[in-house]
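Structure record follows, encoded as C-alpha cells.
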Amino acid sequence: MILLVGNGPISSAARPFIDEASFVVRFNDCRSYSDLPGPTHAVAVCNTGRPGRSMPASATWQSHPAIREARELWCVRNPGKFLELKDSITGNWPDLADFCDDYTARFATCPAATGKDFLVFDREIHDDVDRDLADFAPSPYVVPSSGMLALHYVLQRFPHLRVILVGFTHQGWKWHPFTAEKALVDRYIHLGQVARL
C-alpha cells in the first residue's frame, strides 16, 4: 500500500494506514507531519518559484524529521518544461514573474550530502496530467498541483499497489485546477486505482 500524505486536515482514521504502508510520500514542508507522524519514504517538493527558493535555504526544513528520514527527494516540476512555460505564465499572470525560476540544483545538494535518491520528474508526467485534466474542462490554470503530479508518478511506478490519499482537500492556491483534479481523482477511485481517506 502507498500512502500520499497531503498537508490538509488529517483524519484520525489514518493512523493504522501509515503503520501498514510500504511507501509513504509527503509534500514540501510536511506541515501535516505533527498530525500524522510516522515513516516517510519520499518527499515531493516544488522546485521552482518561491517555495523552491525558500525550502533548501531553510535549516528548519533541512532538519525536519520527515526530510531527514526520507530515502528519496522528488522535484515534481521539470526544469525544461517550466522554462518553456515561463513566457506564457508571465504574460498571462505578471505577478508570477518568478514562478518558473528553477532551484533544482539547490535541492540536489541535500540528497548528495545525505545519501538520498534524487529524482526530477520527466516532463511527460506534467504533459500527461494536463491532458487528463482537459477531460474535465478546467478553468484557465497555471500548472497542476504537486499532489496531482506525484499521484500520477506513483500510479506509474507502483501499478499493482493500492494508493491511498490522506490530507487532500483539493483546495488551496487559486491557480491550481483543483476542481478538475478532484474529478480526475474521482475517476481513479471509480477505476479502483486510488482511495481517498
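Every read-out reported here was derived from the displayed coordinates using simple, explicitly stated rules and does not represent laboratory data. Predicted, not measured: the structure shown is a model, and the values here were computed from it. Counting neighbours? That spans all protein chains shown, and the Cβs are built from the backbone with ideal geometry, glycine included.
Here are a few things to note about the model shown:
- Within the shell of other residues whose beta carbon sits under 12 angstrom from the beta carbon of ASP35, the net charge comes to +3, with Lys and Arg scored +1 and Asp and Glu -1.
- Once you reduce the range 57-98 and the range 167-197 to the center of their Cα atoms, the two points are 21 Å from each other.
- Chain lengthening between THR109 and SER88 when straightened (0.36 nm per residue, less Cα-Cα): 4.6 nm
- Mean separation of Cα contacts under 8 Å, 6 or more apart, over the residue count of the range 115-191: relative contact order %: 39
- With a Cα cut-off of under 25 Å and a minimum spacing of 8 residues unless on different chains, the lysine pairs in the range 2-196 number 5.
- Rel. contact order, % - alpha carbon contacts under 8 angstrom, at least six apart, the chain: 25
- Paramagnetic reach from ASP101 in the range 41-60 [backbone N under 17 Å; point 7 Å along Cα→Cβ]: 46-58
- Relative contact order, percent, the range 57-146 [alpha-carbon distance under 8 Å, six or more residues apart]: 38
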